[in-house]
1. Give me the pairs, please: first residue somewhere in the range 1-19 and surrounded by fewer than 24 Cβ atoms within 10 Å (Cβ to Cβ), second residue anywhere and not in a loop (DSSP other than H, G, I, E, B), beta-carbon distance under 6 Å, and either six or more positions apart or on two chains.
2. Return yes or no: is Ile227 at pLDDT below 90 and either in contact with a helix residue (DSSP H, G or I) (Cβ under 8 Å, 6 or more places away or on another chain) or of a type in the set (A, V, I, L, M, F, W, C) (or both)?
3. If you scan the range 113-156, which residues turn out to be polar (S, T, N, Q) and either part of a loop (DSSP other than H, G, I, E, B) or crowded, with 22+ Cβ neighbours inside 10 Å (or both)?
4. Of the conditions (1) within 13 Å of Thr38 (Cβ to Cβ); (2) in contact with a helix residue (DSSP H, G or I) (Cβ under 8 Å, 6 or more places away or on another chain); (3) at pLDDT 95 or above, Gln80 satisfies every one except a single condition; which number is it?
Amino acid sequence: MTLQKERQILLVFPHPDDEAFTCAGAVRLSANMGVPVTYACLTLGEMGRNLGNPPFATRESLPEIRRVELKAACEAMGIQDFRMMGFRDKTIEFEDDEKMVKLVTDLIEELNPSLIFTFLPGFSVHPDHEATARAVVEAVRRMPKSERPKIWAVGFANDTVARNGEAHIHLDVSSVKMDKLAALRAHMSQTAWMMAETTKRIEEGQPMSESWLNVEKFYIIRHEDEINNSMDSAFL
């Protein structure tokens with residue numbers, strides 16, 4: 001698929017590094033075309049699983065480390081407008097749904113995006129991921145059909161393909177692979193283990209052409225009133 005130039009892109013994810021794993025390549029390609037990108041990161045990942053061995057951080061110091069990492073990752077992706085929305089990690093699932101919908105609605109009304117990246121409801125594993133995805137989908141559903149931005153969503157659950165079929169979009173991001181790697185490396189407090197594994201695979205000559213590093217996959221979320229009896233247009 002060839003990426004089209006969007007009017008404005010909005011990313012809505014709960015944790016620093018969600019964006020790097022899911023859509024860093026697509027964002028970098030869009031930024032290269034001059035598309036403005038805003039990233040609304042809901043938390044600072046205070047409960048990130050990696051504090052180091054020996055520890056390099058505490059729960060109190062980790063948020064500031066991840067703030068700096070997020071800034072560097074956004075620079076690697078070409079994002080100039082990144083917003084830390086101030087929620088606490090692992091609490092999004094407990095926030096009032098209407099509050100979260102309003103947060104997304106306010107962002108949409110301010111920015112008028114033509115494309116939103118987020119997680120795939122029901123298939124994103126983490127409770128904060130699920131709550132974020134629900135809010136994005138519901139906020140867009142409430143808009144007039146003619147004004148709705150597209151939603152490209154990422155699913156991580158093991159049964160994502162079995163339940164939904166292959167992702168609608170397979171985007172070749174190999175031309176910006178180094179930018180994507182830079183974004184992932186920026187989140188080193190959490191990604192060091194994964195980057196070491198990826199480097200080892202590359203050094204061993206393992207095929208990477210269809211890996212997550214070179215191809216990003218997204219499901220297009222369509223609401224019930226947009227479906228025209230097409231099997232590949234199913235509501236997700």
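The values are calculated or read from the model by the stated rules, or taken from the named source; none is laboratory data. Only a predicted model underlies this, so the values are computations on that prediction, with no experimental measurement involved. A quick note on method: Cβ atoms are made from the backbone with ideal geometry, for glycine too, and the neighbour counts reach across all protein chains shown.
1. Sorted first by the residue in the range 1-19, then by its partner, the pairs are Met1/Ile169; Met1/Leu171; Leu3/Leu29; Glu6/Leu115; Gln8/Leu111.
2. So Ile227 passes the test.
3. Listed by number, the residues that qualify are Ser114, Thr118, Ser124, Thr132.
4. (3)
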